[in-house]
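All of the numbers you see were taken from the coordinates with simple rules; none came from a lab. Nothing here was measured: the structure is a model prediction, and the numbers come from that model. Cβ sites come from the backbone with ideal geometry, for glycine too, and all protein chains shown count toward neighbours.
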2 protein chains.
Amino acid sequence: MKVPLPDRVTLTEICPRDGFQNIKTWIPSETKLQVIDRLIDAGLRSFEITSFVSPKAIPQMADAADVSAHVLKRIARDNLELDAVALAPNLRGATAAHAAGLSHISYVISASAAHNKANINRTHEESLADLDTIVKTYPGLHVTLSMSTVFGCPFVGAITVEQVLWLIEEGVKRGARDVALCDTIGVANPLQTAVLIDAVRATFPTLEIALHMHDTHGMALANMLVGLQRGVTRFETAAGGLGGCPFAPGAAGNAATEDTVNMLHRMGVATGVDLARHLRAVELIGEKIQPNLMGHLANARSYSEFDFWPKNKGESHG
Amino acid sequence: MKVPLPDRVTLTEICPRDGFQNIKTWIPSETKLQVIDRLIDAGLRSFEITSFVSPKAIPQMADAADVSAHVLKRIARDNLELDAVALAPNLRGATAAHAAGLSHISYVISASAAHNKANINRTHEESLADLDTIVKTYPGLHVTLSMSTVFGCPFVGAITVEQVLWLIEEGVKRGARDVALCDTIGVANPLQTAVLIDAVRATFPTLEIALHMHDTHGMALANMLVGLQRGVTRFETAAGGLGGCPFAPGAAGNAATEDTVNMLHRMGVATGVDLARHLRAVELIGEKIQPNLMGHLANARSYSEFDFWPKNKGESHG
């Protein structure tokens, strides 16, 4: 590569939030917690564990407080350095997350006004006003701007770079600490990703950027590669490739954590994840939640035992 | 991107060879030809149309001469500039391809000696000796070195860069004109792809390189992106993502032509392919040959109507 890749990145495991919220049948809290426990066992230390949203809109997330309590107990018991994040779309969600003992939220807002309305029934102005109140009310709360439809919207199509920069600025000036650029419907291409990252970096040089890529058109890993080449060190991925968006018709799953870990490790980029243990969590997801996993590695299972790289020993001629 | 991407690339459509050869039940020649015709209609102008191999080893390719005759007739009828290539693993295959009227073969040889033996039952020395004879016997024949297991072997694991360079040198000095670097089992990572391309370029600065990536671990598009960033302008892809290797257990399909076209067009790289028409060929493959297509776009179908990029008009704030 022309640009050296980072030595290490953080993967934020979003299966418990973005993955589970798209499963229509109720997943018992116990199963959710088993999966989260296995993912922690695999070495993941950053999670979107749940979502504090209206249980009418997304019944699957009705146990947000219970899930949070469990994870916080596990953190205390094992003395883990684990970043437990909950999604919140408004003041009410942030208040509930804070009450549940969490200190970090993903504040969701769509780059597309049309999708913001469809997804969380708010105008940009309403979303930004709530953000103001949240930061003022809970000054210790780490608020990540989780920006949906940054690379394209299911309702209006293209989103301009200027639109994204405008919304980041509005968020940052209200106290958001960092931003996740989310390709909610999985249509970003690598050049687009490069251009957007470069534009955000140029305008907000010290802002930490994460990428959240869905794999609808198979470009998720290519887009993350472009992020890596630009020094992005946080990626939001979902075990088993679960995910979508309840209010973005046709969106496919997230980049699978295991596919991402596989690519990163083979390139010598550390994640802290034990891939074999992670695949045991994926196995559990396949057994109990979603038999049709969307990632590649979990379906292939072949060749994961081989070290093709970077040792690069093996057969030679002569 | 730091490196400008090429304006235009050639996609060699390998579904009729690499795709079909992995379908266990006989595909009637008429169906094969219908698919090829639709792929030509979509604008593809470079094809691996068939394989001249032992019908005992790969019964699916028994109609190689018929398929070749049809394609040559279509080329003549429509006065097409179309590169019709057949795979040949030995002198016998090259002779048959030549007799069928073809002027271009993919001469298959594995970087791994173990896979060369399993795949075509030859040592490297035997393969190279036949190459010598082929080039001397058919001096007008364009011979592309189609090098399997370049990024990893199902039997021995890693393949060294030196091994690949050695085999390219042996091939080129015997008259091979260009080389396709094939990730037969789909395990290459982007850094590995970059390192290998750079090494080949450094040693053979004028040699034309093509990439042939399988998508077992989901990295095919990321690997092709790295090739694009290095100026590679030919990629071998298969409609519907069909493919594998009959003698490489567990290998998954090729990068789907439609996924590749989608990524390239969205980045402004021309292919000459009409994506909508191409999807009609994929539809036919799904109906008549393989209901479980492996590519992303054909399964998603969503959002292909939107122009997310590069026009990048659309919603803006205010």
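Available extension along the chain between A:Trp166 and A:Thr203 is 12.3 nm, counting 0.36 nm per residue and deducting the alpha carbon span. Residues considered: B:Ala65, B:Ala300, B:Ala100. Largest GNM mean-square fluctuation over chain B, using C-alpha springs under 10 Å, is found at B:Ala300. Dimensions of the protein assembly as shown based on its C-alpha atoms, expressed as ranges along the principal axes with the largest first, amount to 83, 49, 43 Å.
If R0 is taken as 25 Å, the Cβ-Cβ distance between B:Asp132 and B:Ala62 corresponds to a FRET efficiency of 0.35. The mean count of C-beta atoms from other chains within 10 Å of the C-beta of residues in B:219-228, rounded to a whole number, is 6.
Rounded to whole Å, give me the distance from the Cα center of the range A:49-70 to that of the range B:183-255. Measuring centre to centre over Cα atoms gives 43 Å.
Across the identical copies, the label point of A:Ser54 (7 Å from Cα in the Cβ direction) is separated from its matches by 6.9 nm, in order from shortest.
Note on chain B: GNM, Cα springs under 10 Å; of B:Leu207, B:Leu11, B:Leu228, the largest mean-square fluctuation is that of B:Leu207.
Measuring nothing but how far apart in sequence close Cα pairs (under 8 Å, 6+ apart) lie, relative to its length, chain B scores a relative contact order of 21 percent. Relative intensity of the range B:1-118 on a log10 scale, I(q)/I(0) at q = 0.17, 0.19, 0.22 Å⁻¹, equals -0.84, -1.01, -1.27, per a Debye sum over C-alpha point scatterers of equal strength in the absence of solvent. The trypsin sites (Lys or Arg not before Pro) of the range A:1-95 that DSSP puts in a loop, and whose beta carbon has at most 12 other beta carbons within 10 Å, are A:Lys2, A:Lys24, A:Lys56. Distance from the axis that maps chain A onto chain B is least for the Cβ of the chain A residue given, with the whole Å value, as A:Ala222, 2. Across the cross-link table entries B:Lys24/B:Lys136; A:Lys117/A:Lys288; A:Lys24/A:Lys136; A:Lys56/A:Lys136; A:Lys24/A:Lys288, which are compared at the Cα atoms, the separations over 24 Å belong to B:Lys24/B:Lys136; A:Lys117/A:Lys288; A:Lys24/A:Lys136; A:Lys56/A:Lys136.
Sorted from shortest to longest, the distances between the A:Thr31 label points of this copy and the other copies are 3.7 nm, with each point 7 Å from Cα along the line through the beta carbon. Highest mobility in the GNM of chain A, judged by mean-square fluctuation with C-alpha springs under 10 Å and restricted to A:Gly240, A:Gly272, A:Gly295, is found for A:Gly272. Looking only at GluC sites (Glu not before Pro) in DSSP loops with at most 15 other Cβ atoms within 10 Å, what is the longest site-free stretch of chain A? The longest such stretch corresponds to A:82-304. Working note: Cα gyration tensor of the range B:72-222, eigenvalues times five, square-rooted, sorted largest first, giving semi-axes of 26, 18, 15 Å. Counting only Cα atoms, the range B:76-119 measures 43, 18, 11 Å along its principal axes, largest extent leading. Taking all Cα pairs closer than 8 Å and separated by 6 or more residues, the relative contact order of the range A:124-254 comes to 24 percent.
Shape call for chain B from the C-alpha gyration tensor, a ≥ b ≥ c root eigenvalues: rounded (a/c under 1.5), prolate (a/b greater than b/c) or oblate? Here chain B falls in the oblate category. A compact globular protein would have a Cα radius of gyration near 2.2 N^0.38 Å; the ratio found for the range B:134-251 is 1.04.
Relative contact order of the range B:34-125, taken over Cα pairs closer than 8 Å and 6 or more residues apart, is 25 percent. Between copies, the label points at B:Phe204 (set 7 angstrom from Cα along Cα-to-Cβ) are spaced 4.7 nm, reported in nanometres from shortest to longest.
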